[in-house]
1. Given B:63, B:40, B:76, which one is part of a loop (DSSP other than H, G, I, E, B) and modelled with pLDDT of 95 or more?
2. Looking only at segment A:22-59, count how many residues are farther than 17 Å from residue A:187 by Cα and either of a type in the set (Val, Ile, Thr) or within 14 Å of chain B (Cβ to nearest Cβ) (or both).
3. Would segment A:121-129 turn up any residue that is over 25 Å from residue B:120 (Cα atoms), without any contact (Cβ under 8 Å) to a residue 60 or more places away in the chain and not hydrophobic (A, V, I, L, M, F, W, C)?
4. Mind checking which helices (runs of 4 or more DSSP H) fall wholly inside segment B:101-212 and carry at least 1 residues that are over 15 Å from the mean Cα position of the chain (by Cα) and within 20 Å of residue B:34 (Cα to Cα)?
5. Tally the residues that are more than 14 Å from chain A (Cβ to nearest Cβ) and aliphatic (A, V, I, L, M), restricting the search to segment B:138-158.
6. Suppose the filter is farther than 20 Å from residue B:154 by Cβ, at pLDDT 95 or above and more than 10 Å from chain A (Cβ to nearest Cβ); does residue B:101 pass it?
7. So residue A:88 passes all but one of these: (1) surrounded by fewer than 22 Cβ atoms within 10 Å (Cβ to Cβ); (2) in contact (Cβ under 8 Å) with a residue 60 or more places away in the chain; (3) over 16 Å from residue A:37 (Cβ atoms). Which condition number does it fail?
8. What tally of residues in segment B:140-178 results from selecting those that are touching a residue at least 40 places away in the same chain (Cβ under 8 Å), hydroxyl-bearing (Ser, Thr, Tyr) and buried (at least 20 other Cβ atoms within 10 Å of the Cβ)?
Number of protein chains: 2
Amino acid sequence: MPDRIDALVPFSPDRPKTRLADALAPAERREFADAMLTDVLAALRAADFSPRLLATEATGRDVPETVDDRPLTGAVNAALAARDPSAASPVAVVMADLALATPRALGRLRAPGDVVIAPGRGGGTNALLVRHPEFGVDYHGASYLDHLRAARRVGASVRELDSRRLATDVDERVDLAEALLTGEGAARDWLRDAGFELATGGGRVSVVRDGG
Amino acid sequence: MPDRIDALVPFSPDRPKTRLADALAPAERREFADAMLTDVLAALRAADFSPRLLATEATGRDVPETVDDRPLTGAVNAALAARDPSAASPVAVVMADLALATPRALGRLRAPGDVVIAPGRGGGTNALLVRHPEFGVDYHGASYLDHLRAARRVGASVRELDSRRLATDVDERVDLAEALLTGEGAARDWLRDAGFELATGGGRVSVVRDGG
């Protein structure tokens with residue numbers, strides 16, 4: 001069995017998924033975000049990671065948790081800096097809204113490289129494994145390109161993790177179709193129970209919701 | 001060196017990329033589709049595939065070509081049926097608009113399995129490797145799910161190829177950002193030359209075009 005690797009999972013219980021406002025009511029967005037988090041934590045554990053929530057406020061979940069109400073970049077960098085530098089142990093940072101994440105996909109973060117990056121759709125950074133002590137994150141804008149530059153700046157080697165499952169963060173209505181198509185866990189079930197189903201038309205598949 | 005595997009690349013020179021009509025003029029869509037095809041063919045060759053165009057009309061390109069003006073599903077199934085069944089040699093089917101495809105990503109099609117499928121965004125099937133003599137394609141609707149069912153029907157094992165690069169077909173304006181972000185070839189260069197650049201705002205990165 002491989003060594004367990006710490007995995008930070010940033011989560012904002014207070015303001016979840018505002019870009020899904022055209023598809024879900026506020027309470028629903030909270031429930032759906034919770035379901036995605038459940039899936040990500042389960043997949044991380046199954047892939048031999050030790051997840052730790054990095055939450056903007058206490059969640060009450062049965063998982064180790066650091067509460068830090070700063071914006072994402074500052075909170076993640078503080079958590080990275082809090083590591084014991086002599087231990088040089090790797091740490092992963094995995095977004096909480098990867099509704100398609102599987103243990104197999106997350107296990108690929110163990111690829112060699114000072115920094116292993118799974119880019120997201122639209123230039124984001126959905127999952128990272130950091131082995132280099134000087135690498136810091138910056139999640140603003142097209143963070144994938146920024147992270148390539150940041151790695152170059154500190155002389156860290158980079159491996160791109162080419163995964164559709166990790167590239168698919170669920171932020172917008174169109175992404176719900178992906179969770180229905182190839183999701184496998186609580187988030188997919190939540191959407192089905194809420195009445196969402198696939199709508200196939202001319203182009204890409206989208207979602208419709210029944211009257212309920 | 002691994003054995004070369006035949007790879008069919010369907011291509012419609014006559015009606016390319018209509019869903020990009022809000023971003024590109026008809027002649028531009030043809031040029032851009034050509035650039036993507038160039039990238040896909042180069043990546044296939046570098047990954048030790050032998051590409052063959054399956055074109056709705058003659059292209060004049062310096063690559064083996066089968067002309068078949070039937071719709072996609074019928075043309076691909078005819079080409080699959082034309083194989084020598086006793087040879088049982090695998091054949092790949094790779095879409096021509098995978099602007100992010102790299103030799104490394106395409107090489108993963110050689111994974112074990114009677115059918116290896118790289119699902120696309122929105123439930124499509126962007127790349128396939130078929131080793132089973134009875135498996136046929138159906139590209140209508142959410143073809144990834146249909147292909148899972150079709151494999152089950154003929155008793156073929158399926159491997160999902162989890163690749164962001166192969167999942168990203170460039171069909172709509174929003175996809176152009178992906179080609180600019182992590183494309184590496186002629187399609188990315190074409191977009192830059194045409195004046196497209198990344199626009200980072202609140203959510204995902206999009207594209208803007210200069211006055212030219």
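The values are calculated or read from the model by the stated rules, or taken from the named source; none is laboratory data. Predicted, not measured: the structure shown is a model, and the values here were computed from it. A quick note on method: Cβ atoms are made from the backbone with ideal geometry, for glycine too, and the neighbour counts reach across all protein chains shown.
1. B:63
2. Qualifying residue count, segment A:22-59: 4.
3. No: segment A:121-129 contains no residue that is over 25 Å from residue B:120 (Cα atoms), without any contact (Cβ under 8 Å) to a residue 60 or more places away in the chain and not hydrophobic (A, V, I, L, M, F, W, C).
4. Filter on segment B:101-212 gives B:173-182, B:186-193.
5. Residues that pass the stated criteria total 4.
6. Considered against the rule, which asks whether it is farther than 20 Å from residue B:154 by Cβ, at pLDDT 95 or above and more than 10 Å from chain A (Cβ to nearest Cβ), residue B:101 comes out as yes.
7. Residue A:88 satisfies all of (1) surrounded by fewer than 22 Cβ atoms within 10 Å (Cβ to Cβ); (2) in contact (Cβ under 8 Å) with a residue 60 or more places away in the chain; (3) over 16 Å from residue A:37 (Cβ atoms) except (2).
8. Number satisfying all stated conditions: 2.
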